[in-house]
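For reference, the structure is listed below as structure tokens.
No lab work stands behind these numbers, since they all come straight from the coordinates. Given the structure is predicted, the values throughout are model-derived calculations rather than measurements. All Cβ positions, even for glycine, are placed from backbone atoms using ideal geometry, and neighbour counts span all protein chains on display.
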Amino acid sequence: MAFKLFVSYAREDKSYREQLGKHLAALRRPGLVEVWHDGMIVAGQRFASAIDAQLNAADVILLLVSSDFLDSDYCYSIEMQRALEREQRGEACVIPVIVRPCAWKLTPFHGLQIAAGEWPALSQWPNVDEGYAQVVLAVRAAIDGLAARRLASPPHSTAPIPVAAVPMTASRVFSDAERLSFLRRSYADIRRAFDASLRRLSARMFACESELRQVDAHTFTCHVRRADAPPVECAVSLIPERRCIAYSHSAASRGHEFDEGVGVDADAQQLFLCVFGLDPASAGRSRFASGEAAELLWDLFARRLVS
């Protein structure tokens with residue numbers, strides 16, 4: 001049975017809803033989700049009652065957040081408030097998707113984990129398709145968690161099913177699928193950060209050649225060559241079975257050797273990254289966002305450029 005997905009958005013953001021709908025086809029075609037939005041209301045239906053019925057039946061609710069969303073009385077005061085009420089009762093999973101920069105951290109849903117990792121606004125992604133793909137992965141992780149919990153629920157149970165996103169004030173348990181999805185997003189964020197840092201390095205350092213190579217789906221390497229110094233390299237590998245990201249000073253390691261590593265941990269409200277502390281410079285530090293983890297790993301690489 002497909003999970004019901006409700007998309008709440010401001011009319012000014014219709015183009016984002018349309019593009020997201022195309023990406024959600026990866027879940028819609030195999031019958032994993034049924035997507036609904038107010039553009040599907042047909043002639044003769046009452047607007048408010050149609051929305052209420054779909055919103056109350058949804059398993060997953062996407063909030064496409066922008067300044068227009070926050071300014072819309074219907075989106076903010078009716079759809080969002082109803083979505084958060086259902087989320088707080090464990091009836092639905094609410095996933096905020098920041099489509100354009102806005103003051104979303106001042107809203108009632110600021111405690112929920114947003115989609116798309118460390119690039120909070122889709123409009124800011126260098127490749128917006130990557131941003132949409134991250135949203136789809138967040139939805140998939142949510143429905144995987146829902147499916148697992150439904151299988152684990154006693155037959156004929158009338159108790160509400162715990163769902164994938166909860167407010168900062170509630171306690172929850174994250175599934176393996178959610179942890180792996182978070183790790184994959186973090187790896188993608190780290191790769192983008194390394195690519196950007198290499199570009200800046202090449203622009204600022206005289207007689208320097210740098211290259212980022214995507215070896216396979218789970219490993220990228222960085223290489224810096226200078227005329228006056230030995231070449232410097234590293235490898236960063238996602239290791240799904242060990243739920244970690246490995247950093248090595250050897251580009252040939254493919255995750256078999258660790259000079260530092262980053263794993264996934266969680267508190268009662270959210271997932272975060274933690275460093276293994278294999279390198280003395282990173283020992284004693286914990287609880288990272290993916291951007292902070294990328295900075296820590298880049299520092300390990302950059303230190304060898306000046307040694």
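Figures for the structure shown
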{"item": "Of Gln134, Gln19, Gln45, the one that fluctuates the most in a GNM where the chain has Cα springs shorter than 10 Å", "result": "Gln45"}
{"item": "Cα-centred dipole magnitude for the chain, charges only on beta-carbon of K, R (+1) and D, E (-1), debye, nearest 20", "result": "280 debye"}
{"item": "Within the chain, helix-based [θ] at 222 nm, where runs of 4 or more DSSP H residues each add -39,500 (n - 2.57), nearest 500", "result": "-11500 deg cm²/dmol"}
{"item": "Theoretical gain in end-to-end length, Asp216 to Phe258 [0.36 nm per residue, Cα-Cα removed]", "result": "13.3 nm"}
{"item": "Highest-MSF residue in the chain out of Val232, Val264, Val94 [GNM, Cα springs under 10 Å]", "result": "Val232"}
{"item": "Inter-label distance for Val306 and Asp265, nm, one decimal - labels placed 7 Å from Cα along Cα-to-Cβ", "result": "2.9 nm"}
{"item": "GNM result for the chain, Cα springs below 10 Å: residue of Val99, Val65, Val215 fluctuating most strongly", "result": "Val215"}
{"item": "Residues whose placed amide H lies under 5 Å from that of Cys244, excluding near-sequence neighbours", "result": "Ile239"}
{"item": "Amide N of region 1-37 lying under 15 Å from the label point, which is placed 7 angstrom from the Cα of Ala147 along Cα→Cβ", "result": "1-5, 26-34"}
{"item": "Potential extension, Ser77-Ala103 segment - 0.36 nm per residue separation minus Cα distance", "result": "7.7 nm"}
{"item": "Percent antiparallel among DSSP beta bridges (both partners in the chain, rounded to 5)", "result": "70 percent"}
{"item": "Contact order relative to length of the chain, as percent, for alpha carbon pairs under 8 angstrom and 6 or more apart", "result": "12 percent"}
{"item": "Helix 128-152 vs. the chain, principal-axis angle (Cα, 0 to 90°, nearest 10)", "result": "60 degrees"}
{"item": "Semi-axis lengths (Å, descending) of the ellipsoid that matches the C-alpha gyration tensor of the chain", "result": "40, 22, 16"}
{"item": "Region 1-96: C-alpha gyration tensor shape, a/c 1.5 cut-off, then a/b vs b/c", "result": "rounded"}
{"item": "Residues Ala50 and Lys22, FRET efficiency given R0 of 22 Å [Cβ-Cβ distance, rounded to 0.05]", "result": "0.45"}
{"item": "Per-pair calculated FRET efficiency, R0 = 30 Å: Arg11 and Arg199 via Cβ, rounded to 0.05", "result": "0.20"}
